[in-house]
Amino acid sequence: MIHLSHVSKSYKTSTRPALDDVTVHVEKGEFAFLIGPSGSGKSTVLRLLLREEAPTGGRIEVAGRDLGRLRRSKVPQHRRRLGCVFQDFRLLTNKTVEQNVGFALEVIGRPRGAIRTIVPEVLELVGLEGKARRLPHELSGGEQQRVAIARAFVNRPLLLLADEPTGNLDPDTSADIMLLLERINRTGTTVLMATHDNTIVDSMRRRVIELQLGRVVRDEARGVYGVGR
Amino acid sequence: MRAGFVFSEVLTGLRRNVTMTIAMILTTAISLGLLGFGLIVAKLTDETRTLYGDKVQVQVYLTVDQSRSDPDCTGAVCQGLLEDLRGNPDVASVSYESQEAAYQRYLRTFASQPEMIAIVRKEALSATFRVSLVDPQRFRVISQDFTGKPGVLSVDDQSEVLDKVFSLLNSVRNVAITIALIQAFAAVLLISNMVQVAALSRRTETSIMRLVGASRWRTQLPFMIEAVFAGLVGVALAILGLVVAKLTFVDKIFGSIISTGLLPPIDGTYLVFASYWLIPIGIVLSGAAAYATLRAYVRL
């Protein structure tokens with residue numbers, strides 16, 4: 001699903017590369033954590049996968065598509081196969097829960113009838129049935145993140161990218177969100193999650209890819225966050 | 001993509017950005033109103049030129065001696081001039097006005113002003129050839145050919161006066177269009193600014209659109225519609241302004257001049273002509289400014 005081969009990324013503003021010769025392969029249906037301290041390159045990996053930026057060197061392939069050869073006009077189609085969740089939820093405050101989720105379908109031109117059918121299904125999947133007409137400020141942090149996950153998943157992506165999705169949540173709510181991400185993973189969606197949350201990583205015992213100073217220093221199939229961190 | 005969904009986004013955007021939108025509409029209205037005024041003056045100049053073109057005559061005045069000695073234009077000098085004029089390819093028609101006829105016309109013209117009649121003697125007036133030209137602008141050729149010929153006192157032409165009228169009209173038009181261009185530049189900057197503010201205030205929406213794979217065109221469309229909508233409202237105000245100016249100002253001030261036939265009538269066709277240009281200019285101006293701004297400054 002994800003193939004990074006000798007990928008490097010340098011920014012003009014920094015002397016040290018953000019990513020330095022990174023080679024990682026994530027297979028279809030996997031659940032993988034991307035861990036490492038701030039500035040280790042986790043977010044850079046996610047931005048490269050989303051094709052928000054291009055690597056300085058190396059090759060990136062996502063769902064069989066070579067991103068280096070992807071024309072600018074084809075980038076939106078690439079992103080339709082991905083879902084994205086962030087620490088700060090990024091919900092539209094003036095839209096209701098169902099409008100927020102439907103927005104992702106509206107803007108890619110899905111017909112209204114399909115949206116009316118799909119949105120309630122996804123809201124049920126994330127446990128928000130009955131809250132479709134609420135506005136984001138009427139929801140708890142955990143519920144808001146569920147809306148964001150519903151929006152990321154509503155287009156049935158092949159790959160879900162999550163950037164610190166539990167960073168703003170208390171441990172119990174975080175555990176609920178992880179259960180939801182696991183459920184999504186069980187539908188066949190590959191999940192790559194960047195996190196600092198050692199409790200979650202340790203309890204899930206999933207694949208762990210650790211970055212430090214832009215390099216992969218550890219890649220374990222059933223890893224923990226790490227001793228002494 | 002549903003039109004209703006895009007339209008609701010556009011309305012939300014305009015509402016959020018209302019002060020900037022109003023500023024942009026007013027600036028666009030003023031600049032396009034001035035441009036419309038310039039277009040109308042340009043059309044007026046053309047039509048005035050056509051109106052006068054048929055009426056312009058060159059007048060070849062004969063010397064007083066010639067006028068007195070050969071009142072019926074039967075002598076060799078007068079006949080020679082007449083034949084030269086008739087043979088000239090630039091001349092459409094020639095008529096002869098004798099000293100007596102010139103005096104009678106003078107008496108008719110100033111019938112109500114006895115003091116004007118008192119100061120003129122018949123013998124002081126010249127007999128005249130009134131010459132209509134094929135192309136009134138060829139006046140100078142006739143003037144060069146006939147000035148100084150035996151029996152000719154002078155060659156006179158009304159087009160010199162008309163040139164002054166036209167140059168005045170041209171200056172008014174040029175000033176209006178220059179101010180319109182400066183205003184249009186300001187309008188373009190305001191449109192650009194409005195689009196930047198709109199994009200900034202909706203960056204969460206646009207970043208989500210980008211992430212979920214909305215095309216660039218789809219993401220830009222609401223901003224462009226907003227700009228074009230504001231531009232069209234500006235055009236409508238500009239045309240309304242021109243209509244009001246015609247009804248309250250032009251018709252009252254120039255009405256008497258138009259009724260004497262000195263200016264062609266300024267009717268509804270002038271407003272249709274101005275609108276015909278202002279509507280596409282308004283749409284293209286606002287749409288292009290918005291598009292260029294989105295490409296250059298806004299990451300979508």
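Of all the listed residues (A:Glu98, A:Glu52), the sole one being assigned by TED's automatic domain parsing to the domain that holds A:Gly141 and not β-branched (Val, Ile, Thr) is A:Glu98.
Can you confirm whether the range B:50-64 contains a residue that is more than 34 Å from the chain's Cα centre (by Cα), closer than 29 Å to B:Val235 by Cα and away from chain A (no Cβ under 14 Å)? Within the range B:50-64, none of the residues are more than 34 Å from the chain's Cα centre (by Cα), closer than 29 Å to B:Val235 by Cα and away from chain A (no Cβ under 14 Å). For the range B:38-56, the count of residues that are in a helix (DSSP H, G or I), in contact (Cβ under 8 Å) with a residue 40 or more places away in the chain and among the acidic types (Asp, Glu) is nonzero. Among the residues of the range A:46-76, write down those that are part of a strand (DSSP E or B) and closer than 17 Å to A:Leu158 by Cα. Matches in the range A:46-76: A:Ile60, A:Glu61, A:Val62, A:Arg65, A:Asp66. When A:Gly39, A:Gly68, A:Gly64, A:Gly83 are screened for being within 25 Å of A:Gly167 (Cβ to Cβ), over 11 Å from the mean Cα position of the chain (by Cα) and of a type outside the set (Asp, Glu), only A:Gly39 passes. Criterion applied to B:Ser98, B:Ser143, B:Ser154, B:Ser112 was being under 38 Å from the mean Cα position of the chain (by Cα), among the hydroxyl-bearing types (Ser, Thr, Tyr) and either crowded, with 17+ Cβ neighbours inside 10 Å or closer than 30 Å to B:Leu44 by Cα (or both), and the one residue passing it is B:Ser143.
Please tell me if B:Gly87 is at pLDDT 85 or above and in contact with a Phe, Trp or Tyr (Cβ under 8 Å, 6 or more places away or on another chain). In short, no.
When you scan the range A:103-122, how many residues do you find that are of a type in the set (A, V, I, L, M, F, W, C), facing another protein chain (nearest Cβ under 8 Å) and part of a helix (DSSP H, G or I)?
Residues of the range A:103-122 that are of a type in the set (A, V, I, L, M, F, W, C), as a first pass: A:103-105, A:107-108, A:114-115, A:118-119, A:122.
In the following step, the residues that additionally are facing another protein chain (nearest Cβ under 8 Å) were identified as A:103-104, A:107-108.
Applying the additional criterion that residues be part of a helix (DSSP H, G or I) yields A:103-104.
Of the residues in that region, 2 qualify.
Quick check, is B:Val41 under 30 Å from B:Thr128 (Cβ atoms) and either modelled with pLDDT under 85 or outside the structural domain of B:Glu97 (by TED's automatic domain parsing) (or both)? For B:Val41, the condition - under 30 Å from B:Thr128 (Cβ atoms) and either modelled with pLDDT under 85 or outside the structural domain of B:Glu97 (by TED's automatic domain parsing) (or both) - is not met.
Looking at A:Arg90, is it modelled with pLDDT of 90 or more, within 10 Å of chain B (Cβ to nearest Cβ) and open to solvent by 40 Å² or more (accessible area, probe 1.4 Å)? First the steps, then the outcome.
On the way: modelled with pLDDT of 90 or more: yes; within 10 Å of chain B (Cβ to nearest Cβ): yes; open to solvent by 40 Å² or more (accessible area, probe 1.4 Å): yes.
Yes; evaluated as a whole, the condition is true for this residue.
Can you find even one residue in the range B:215-227 that is of a type in the set (Val, Ile, Thr), within 14 Å of chain A (Cβ to nearest Cβ) and open to solvent by 10 Å² or more (accessible area, probe 1.4 Å)? No, every residue in the range B:215-227 fails to be of a type in the set (Val, Ile, Thr), within 14 Å of chain A (Cβ to nearest Cβ) and open to solvent by 10 Å² or more (accessible area, probe 1.4 Å). Screening B:Tyr103 against (1) open to solvent by 30 Å² or more (accessible area, probe 1.4 Å); (2) in contact with a Leu (Cβ under 6 Å, 6 or more places away or on another chain); (3) touching a residue at least 24 places away in the same chain (Cβ under 8 Å); (4) more than 30 Å from B:Thr48 (Cα to Cα) leaves a single unmet condition, (3). If you go through the range A:48-62 and keep only what is surrounded by fewer than 18 Cβ atoms within 10 Å (Cβ to Cβ) and either free of Cβ contacts under 8 Å to residues at least 24 places away in the same chain or within 13 Å of another protein chain (Cβ to nearest Cβ) (or both), you end up with A:Glu52, A:Glu53, A:Ala54. Scanning the range A:123-132 for residues that are surrounded by fewer than 21 Cβ atoms within 10 Å (Cβ to Cβ), assigned to a loop (DSSP other than H, G, I, E, B) and either at the interface with chain B (Cβ under 8 Å from one of its Cβ atoms) or within 22 Å of the chain's Cα centre (by Cα) (or both) yields a single hit, A:Gly127.
Tally up the residues in the range A:84-102 that are assigned to a loop (DSSP other than H, G, I, E, B) and over 20 Å from A:Leu181 (Cα atoms), please.
Total meeting the criteria: 5.
Taking the residues in the range B:115-140 that are in a loop (DSSP other than H, G, I, E, B) and not acidic (Asp, Glu) as candidates, determine which candidate is least open to solvent (accessible area, probe 1.4 Å). Working first, answer last.
Residues of the range B:115-140 that are in a loop (DSSP other than H, G, I, E, B), as a first pass: B:119-121, B:125-127, B:134-135.
Next, from what is left, pick out any that are not acidic (Asp, Glu): B:119-121, B:125-127, B:134.
Working: B:Ile119: 127, B:Val120: 31, B:Arg121: 151, B:Leu125: 37, B:Ser126: 18, B:Ala127: 0, B:Val134: 100 Å².
Ranking the qualifying residues of the range B:115-140, first place goes to B:Ala127.
For the range A:69-85, filtering for residues that are more than 9 Å from chain B (Cβ to nearest Cβ) and surrounded by fewer than 22 Cβ atoms within 10 Å (Cβ to Cβ) leaves 4.
Apart from one condition, A:Asp163 fits all of (1) within 24 Å of A:Arg80 (Cβ to Cβ); (2) open to solvent by less than 30 Å² (accessible area, probe 1.4 Å); the exception is (2). Determine whether B:Val77 is of a type in the set (Val, Ile, Thr) and within 25 Å of B:Pro264 (Cα to Cα). So B:Val77 fails the test. Against the conditions (1) at pLDDT 95 or above; (2) open to solvent by 40 Å² or more (accessible area, probe 1.4 Å); (3) in contact with a Leu (Cβ under 7 Å, 6 or more places away or on another chain), A:Leu135 satisfies every one except (3).
The values are calculated or read from the model by the stated rules, or taken from the named source; none is laboratory data. Predicted model only: the values in this text are computed from it and were never measured. As a convention, Cβ positions derive from the backbone with ideal geometry for all residues, glycine included, and neighbour counts pool all protein chains shown. SASA here: full protein model, heavy atoms, side chains in, ligands and nucleic acids out. Shrake-Rupley method; radii C 1.70, N 1.55, O 1.52, S 1.80 Å.
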